[in-house]
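Structure, as structure tokens:
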Amino acid sequence: MTIATDTRIVFEEALTAFGAAVLREVGVPVHEAQAIVENLVQADLRDVESHGFVRLPIYVQRLAAKAINPCPDIRVVRETPTSAVVDGDNGMGQLVGIRAMQIAIDKAQQNGGMCVFVSVRNSNHYGAAASFAQMACRHDMIGFSYTIGGINHMVPWGGAEARLGNNPFAVAIPAGTEHPVVLDMACSVAARGKIIVAAKEGTPIPPDWAVGPDGKPTTDAVEALKGFVQPVGGPKGYSLTLVIGLLSSMLSGAAFGSEVTHMYDDIERPQNIGHLFGVLPIHLFEDVDVFRRRMDKAIGEMRNARRAPGVERIYLPGEREEHSFAHRRAHGIPIGIGVLAELNELGAQYGLKLESIERPLT
């Protein structure tokens, strides 16, 4: 296919080098900068652009303002053999999330295997939830990842004042020869990050994504950012985001409701974002080989169901992202010219430039 005229191609290596260099300029150590940038690149490779490099400018702004600690002492402050509470020391959410999920995996592998949950406080926006849940799949475990949003932009159902984020969550289930089934979703019709991308590119959004500050549906992304996102499924979506928010905050002392500050508008204060990670080792419930075979069969049954008119393929959760990952790794990542301009404006502060090309994407 041919890329749209309002995008440019940037290759993975260029994005990684640029992002890591910028983060080092605001005090993030080399190894940690690499880990953060790889998380962002993975999101853009998987076509989850709402949580990719579009977020780098606000991360750098918060780091530069000392609202995020570039060198956190991430530590366990409470634990049992099957649980832990992690204090992220106001570090980057990607670093805190990786550390917390690895603690869950390590604990689960001890003493013949255990189900483990790890709660987190004093963290920050952690990017795409799926990246942490997927860590468990490599160890024959089902992974869970929950987080509270860094902005209150959803009202309680029937309310007129924002008290909730869209509070994303992810579940990753390994399979055999098939890719893992990976559900990664916000509790709003669309992630706010997608609205941010649309606002930067000057493109409209669907009318069911958000309402403006007047409470009326809008297709203007800029107006939508002033208003509220719409919960998926109405009151059911509100209930889901409430529960995910409570799970992400109440077990660790992280911020909730009116305690949540605005990631973009308040860059002076730490956010105290909360997460919850969990792992289920498959062998505690079923022989791993049997589980993987049954997962492949279940995936096949979904994919091979009779299709509705006009549908070429039935996808499993996470399957489109896997296809995008392979294609973009080989052929490059389309970046909107608005986002690219903002990234280069950011880089110019440190004498850095993100190289892009304009050519057909094959």
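The values are calculated or read from the model by the stated rules, or taken from the named source; none is laboratory data. Quick caveat, the model's predicted, so the values are computed rather than measured. All Cβ positions, even for glycine, are placed from backbone atoms using ideal geometry, and neighbour counts span all protein chains on display. Heavy atoms of the whole protein, side chains included, go into the accessibility calculation; ligands, DNA and RNA do not. Shrake-Rupley method; radii C 1.70, N 1.55, O 1.52, S 1.80 Å.
What a 1.4 Å probe finds exposed on the chain is 54% carbon and sulfur by accessible area, rounded to a whole percent.
Taken along the Cα-to-beta-carbon direction at a fixed 7 Å, the label points for Arg306 and Glu259 span 5.3 nm. Note on the chain: with a GNM built from Cα contacts shorter than 10 Å, the maximum mean-square fluctuation among Leu45, Leu346, Leu276 falls on Leu346. Identify, among Gly332, Ala35, Val86, the residue whose Cα sits farthest towards the positive end of the charge dipole of the chain, taking +1 on the Cβ of Lys and Arg and -1 on the Cβ of Asp and Glu, with the dipole about the Cα centre. So the residue we want is Val86.
The trypsin sites (Lys or Arg not before Pro) of the range 119-192 that DSSP puts in a loop, and whose beta carbon has at most 14 other beta carbons within 10 Å, are Arg138. Cα centroid distance between the range 288-362 and the range 78-145, in Å? Result: 25 Å between the Cα centres.
Please tell me the relative contact order of the range 1-148 in percent, rounded to the nearest whole number, where contacts are Cα pairs under 8 Å and at least six residues apart. Relative contact order of the range 1-148: 18 percent.
Summing +1 for each Lys or Arg and -1 for each Asp or Glu among the other residues whose beta-carbon sits under 14 angstrom from that of His139 gives +1.
For the residues Asp140, Asp214, Asp89, a GNM of the chain with alpha-carbon springs under 10 Å puts the largest fluctuation on Asp214. Here the relative contact order of the chain, from alpha carbon pairs under 8 Å that lie six or more residues apart, stands at 25 percent.
Given the choices (i) 1.31; (ii) 0.96; (iii) 0.98, Rg/Rh (Cα atoms, Kirkwood Rh) derived from the coordinates of this structure is entry (ii). For a Förster distance of 45 Å, can you work out the FRET efficiency between the beta-carbons of Arg78 and Thr16, rounded to the nearest 0.05? Once the sixth-power term is evaluated, E becomes 0.80.
Measuring with a 1.4 angstrom probe and ignoring ligands and nucleic acids, Asp44 comes out at about 10 Å² accessible.
Candidate cross-link partners of Lys353 among the aspartates and glutamates, defined by an alpha-carbon separation under 16 Å and a same-chain spacing of 8 or more, comprise Glu12, Glu13, Glu25, Glu342, Glu345. Computed over the chain with a Gaussian network model linking Cα atoms closer than 10 Å, the most mobile of Gln94, Gln349, Gln34 is Gln349. For the range 51-145, what log10 I(q)/I(0) values come out of the Debye formula at q = 0.18, 0.22, 0.23, 0.24 1/Å, with one point per alpha carbon and no solvent? Calculated log10 I(q)/I(0) at the listed q: -0.81, -1.07, -1.14, -1.20.
Here r is the Cβ-Cβ distance between Asp287 and Arg138 and R0 is 25 Å; the resulting FRET efficiency, rounded to 0.05, is 0.85.
Run through the range 242-304 and list the GluC sites (Glu not before Pro) located in a DSSP loop whose Cβ has at most 16 other Cβ atoms within 10 Å. Here the GluC sites (Glu not before Pro) that fit, given the DSSP loop and packing criteria, are Glu268, Glu286. Its relative contact order, with pairs defined as Cα atoms under 8 Å and 6+ residues apart, puts the range 231-323 at 15 percent. Taken along the Cα-to-beta-carbon direction at a fixed 7 Å, the label points for Ile314 and Arg163 span 4.1 nm. Over all other residues within a Cβ to Cβ distance under 10 Å of Val96, the charged ones net out to 0, with Lys and Arg as +1 and Asp and Glu as -1. The largest accessible area among Tyr238, Tyr126 belongs to the first residue in Tyr238, Tyr126, and the rest follow in falling order (1.4 Å probe, all chains). With the whole protein complex present, His139 retains an accessible surface near 70 Å², based on a 1.4 Å probe. With a simple spin-label model that places each label point 7 Å from the Cα along the Cα-to-Cβ direction, the separation between Val222 and Leu183 comes to 3.8 nm. Ranking of Ser356, Ser258 by solvent-accessible surface, largest first: Ser258, Ser356 (1.4 Å probe, protein heavy atoms only, all chains present). Within the full protein context, the accessible area of Asp289 is estimated at about 90 Å² for a probe radius of 1.4 Å.
Shown here is the pair-distance distribution of the range 115-178: with all Cα-Cα distances grouped in 10 Å bins from zero up to the longest one, the shares run 19, 40, 26, 13, 2 percent. Give me the net charge of Glu223's neighbourhood, meaning all other residues with Cβ under 14 Å from the Cβ of Glu223; Lys, Arg count +1, Asp, Glu -1. Taking every other residue near Glu223 into account, the sum is +1.
Quick test of the membrane-span-like rule: which DSSP H helices of the chain reach at least 15 Å along their long axis (C-alpha atoms) with mean Kyte hydropathy at least -1.0? Those that clear 15 Å and a mean of -1.0 are 12-25, 30-45, 93-108, 235-249, 288-303, 337-348. Summed over the residues of the chain and divided among them, the accessible surface reaches 45 Å² per residue at a probe radius of 1.4 Å.
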